[in-house]
1. Tell me, how many Å apart are the Cα centres for the stretch 67-82 and for the stretch 83-126?
2. Which FRET efficiency value, to the nearest 0.05, is calculated for residue 405 and residue 211 with the Förster distance at 30 angstrom and r the Cβ-Cβ distance?
3. Among DSSP beta bridges whose residues both lie in the chain, state the antiparallel percentage, nearest 5.
4. Taking θ as phi - 60°, what are the ³J(HN,Hα) couplings along the stretch 264-275 by the Karplus curve (6.51, -1.76, 1.60), each to the nearest whole Hz, with x for Gly and Pro?
5. Distance in nm between label sites at residue 12 and residue 179, each 7 Å beyond Cα in the beta-carbon direction?
6. Loop only per DSSP, at most 12 neighbouring Cβ atoms within 10 Å: give me the GluC sites (Glu not before Pro) in the stretch 403-434, ordered by residue number.
7. Can you give the Rg to Rh ratio for the stretch 383-468, taking only C-alpha atoms and Rh from Kirkwood?
8. State the extension gain, in nm to one decimal, for the chain segment bounded by residue 2 and residue 326, taking 0.36 nm per residue of separation less the distance between their alpha-carbons.
Amino acid sequence: MQVEATTAGPLDSGADTIVVGVFDGEDVAHDLPGGALGALLASGEAQRKFKHLAVTHSGGARAILIGLGDRGKFDGERAREAAAVAHRRAREIGATSVCWEVPHHVGDDVVEGLVQGTLLHAYRFDRYKPGSSDDARDRQVQSLVLSAHHDVSDPVRTATILTTAQNRARDLGNTPANDLPPSALADYAKELAGRLGIEATVLGETAIREAGMGAFAAVAQGSHEQAWLIRLEYNGAGNSGGDPLLALVGKAVTFDSGGISLKPAGTMHEMKFDMCGGAAVIEAVAALAELKAPVHVLGLIGATENLPSGAAVKPGDIIRALDGTTVEVNNTDAEGRLVLADCISYARREGAQRLVDVATLTGGIVVALGSTYAGLMSNDDDWAARVEESAGRTGELVWRMPLHHDYAEMIKGRYGQIVNSTTKREATALTAGEFLHHFAGDVPWVHLDIAGTAWDVRRSYFADKGATGYGVRLLVDVARQSSSEPG
Ligand code: BES
Ligand code: ZN
Ligand code: ZN
């Protein structure tokens, strides 16, 4: 979709459909010729309550009038929702170009939300469906204009870049594992990086093993597909050079069967989504480059399959991680933490002074938080607070969960130093957090468990169920803030 800003009025934007919002206790700021919008409200056909819709025509123009509810409550998230329902109606009535009249006296968060809600709702993953022809595409909304009295081109451009990156992350997540093995993800990342001036280097499975990443290699050894460690470095012009180096670490298990500790068949197909953390890191680094953000970030993505075979790691095997820790692999389905452990150690060796890891790590976090919040665990209150602030700003919500030495006790090993899985199914998200904590040590680190937020989220703007691209907007905000505030 083409997205642009204008200071011309909606009727002069050339769009075939305009969208006008109205808050509780207010009237429309600019009516159509003949007062059609006011009349629609007066008749009761249009209402001011949040997300209520009505359509009218006047003087050759077509308008969707949408209730925005309480002005005081109208934030970025409500803007995303309003834009999503307006886009749904626009598509139903055959609109191909839409102009949103930006409400008066709102912030950039609302302008960004209107763009995001439209682009997220318009997203479809139909690559594998015959019949999603060019013809159908012609009848989709192809252009979006944001009309405001003041220049909103900056927030419109930012939101377009971010949401396009988020939708690319959704494509990666939705692509089935047969078409997105680790090598394809590595090729994709290299190609994207090449286009955006990001430095990309990749380590294949032999190099991973030879470098001493025995935990990562143990997960990879059961599959015929090569594992890849993808390293992306973006060093934007204008960064002070004095900021602590931020590393973003993503779990990209392109398919998680559980390995020898095989998962039940019922929902195993969903484990094509087990690379969504890695996808979020790739697309966040890409978006930072597209935004020309003055930041220096390192993206590390651990890409592998987790499959059973005669060569697979077995329950009871003891492996040596990059930092020398010996790990008893008591459950081969707790593979994400093994991959991340070595990626985190690698990031520390590369000089990372701030860490955020993103991973679909545990079913336990889904039980605890559903799909509303990602679980956040951290060894550093200030760093955690920064990420929580970014979550509040972007609407990609997090809820802090505890670390505790009791949980650390639970992963102490009998034959090796630590185990990757406890026997009791207690606090699984938190013992997973403590496992990663062991490798992060005292480097300020945040762990985001996105197992609940990465796909199948009930939100009006996720009309296409499946991958959400959760984390792209959040990580970009974290990176931009951490370079602009004192450490
Ligand atoms: N990828 C899964 C976590 C997962 C489960 C994500 C369901 C989304 C939905 C992860 O690798 C895993 O299998 N975790 C196990 C850990 C357990 C064996 C300690 C889990 O959570 O059951
Ligand atoms: Zn698993
Ligand atoms: Zn997994």
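We did not get these values from a lab; they are worked out from the coordinates using the rules stated. Just so it is clear, the structure is predicted and the values come from calculations on it, not from any experiment. Positions of Cβ are generated from backbone atoms using ideal geometry, with glycine treated the same way; all protein chains shown enter the neighbour counts.
1. Taking the Cα centre of each part, the stretch 67-82 and the stretch 83-126 sit 13 Å apart.
2. Working: r = 31 Å, r/R0 = 1.03.
In this case the efficiency is close to 0.45.
3. So the antiparallel bridges amount to about 40 percent of the total.
4. x, 5, x, 10, 4, 4, 5, 6, 5, 7, 6, 10
5. According to this spin-label approximation, the distance is 4.5 nm.
6. On the way: sites: 409, 426, 434; in loops: 426.
Here the sparse-neighbourhood loop sites are 426.
7. Values: Rg = 15.9 Å, Rh = 15.0 Å.
Across the stretch 383-468, the Cα-based Rg/Rh ratio is 1.06.
8. On the way: separation 324, 0.36 × 324 = 116.64 nm, distance 5.25 nm.
Extra length available between residue 2 and residue 326 comes to 111.4 nm.
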